[in-house]
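The values are calculated or read from the model by the stated rules, or taken from the named source; none is laboratory data. What you see is a predicted model, and the numbers here were worked out from it, not measured in a lab. Neighbour counts are summed over all protein chains in view; Cβ atoms, including those assigned to glycine, are modelled from backbone coordinates with ideal geometry. Remember, those area values only see protein heavy atoms, side chains included, never the ligands or the DNA or RNA. Shrake-Rupley method; radii C 1.70, N 1.55, O 1.52, S 1.80 Å.
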Amino acid sequence: MSRRARLILFAVAAVGLAATLGVGLAGLPSFGGQITAYARMLNEAAPRQRHVTDVVSAISFDYRGIDTLFEEFILLAAVTGISVLLRPLSDETRQLPEDKAPARTIPPPSPAVWLLAVFLGSLLALTGLETVTHGQLTPGGGFQGGVVLASAFYVVYLGTNYTTVERYQPNALLEASDGVGASGYVLIGLLGLLAGTAFLSNVVGLGDTGNLISGGTIPLLNLVVGLEVAGGFAILASEFLDQTAVIRTRRR
Amino acid sequence: MSQALIAVALVWAAASGTAVVLTRDPLRQAFTAGFFGLALAFLYLSLQSGDVALSQIVVGAIALPLIVLLSLAKVGKDQE
């Protein structure tokens, strides 16, 4: 196709795209304007029906819980894929991490950095647990809290060295936490079937609105999602760290 | 007041997003991308969606820069 023909084709397509986009954008509600009818209904119904104060959690873990189930499996598949992709290959060896090697080039972290890492690591673990357990009350939940929990491991690496992180990062336990979290979601969903209603229906006692224990299955689902996400992101970080710090191509 | 906040957030997001595109060095791009993630989180917060803002912070400011930095370190080692 000549340059001229390509340009004409592009012009026709661009005009078509601009016209349809323009029509679509003109039909949107005005910026920052009114709340939709569905949102208004859920804002009104969720605290009454599910005894939660964070309506977003009620949507993602109850009304549309099945969507979140599939998102869990997307994350599980992604973590599994990366573990397979980043495994040591037959022409690669594990060497001493660079910060422990005889001719080391990396200086050890200073005491100030170490202190900051200890402080930040414990703060992150606490914030992560808080975010996971308060999903039904305040913004946050299993996913956000799980990543914060996993990031506590990264901070330990920043403040110490590869060997310390490897010692305090039990890989088998992380993999188990990833898998148990993902299957736990399904098991909690099956509770609904056992109770004689639909899969993932909220069959556990709802508790009092605003209390830590409230919302029925919503905090339970947040817990298992937190387990899965914390395990998954910690595995991700350790796989990438392994590749960077100890896995080397064998010299020919 | 909230209109002004949203305007600041939109301008910040546009500016830092442009900065990510204009940064050519991948190592520096990891940092500008982190700031862009922070701008997006601030935008979501100014639009009163705390849940999305938290997710954006953990993914944009923790997970993404970490993975980009570690990958760059690995690629740099292999080229030595």
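For A:Leu9, the accessible area of its heavy atoms, probed at 1.4 Å with every protein chain present, is near 110 square angstrom. Peptide A:237-248 is shielded by partner chain Cβ atoms: per residue, an average of 4 of them sit within 10 Å of its Cβ. Once backbone amide H atoms are built at 1.01 Å from N, A:Glu92 has A:Arg250 as its partners under 5 Å, excluding neighbours fewer than 5 places away on the same chain.
A straight chain from A:Leu129 to A:Ile213 at 0.36 nm per residue would run longer than the Cα-Cα distance by 28.8 nm. Accessible surface calculations at 1.4 Å, restricted to protein heavy atoms, place the protein assembly as shown at 58 Å² per residue. Within 10 Å of the Cβ of each residue in B:42-54, the mean number of Cβ atoms contributed by other protein chains is 3. Model label sites at A:Thr20 and A:Arg6, defined 7 Å from Cα along the beta-carbon direction, differ in position by 2.3 nm. Remark: spin-label model distance A:Thr36-A:Ser122 equals 4.6 nm, labels positioned 7 Å along the Cα→Cβ axis. Compactness check for the protein assembly as shown: Cα Rg over 2.2 N^0.38 Å is 1.18. Net charge near A:Gly181: determine it from the other residues with C-beta under 12 Å of the C-beta of A:Gly181, scoring Lys and Arg +1 and Asp and Glu -1. Net charge in that neighbourhood comes out at -4. Measuring only protein heavy atoms, the 1.4 Å probe finds A:Arg50 accessible over about 50 Å². Roughly how many whole Å is it from the C-alpha centroid of segment A:1-61 to that of segment A:154-218? Taking the Cα centre of each part, segment A:1-61 and segment A:154-218 sit 32 Å apart. Roughly how many percent of the accessible protein surface of segment B:2-78 is carbon and sulfur, given a 1.4 Å probe and a whole-percent answer? For segment B:2-78, the apolar C and S fraction of the accessible surface comes to 75 percent.
Taking the Cα centre of chain A as origin and assigning +1 to Lys and Arg Cβ atoms and -1 to Asp and Glu Cβ atoms, the resulting dipole is close to 1040 debye.
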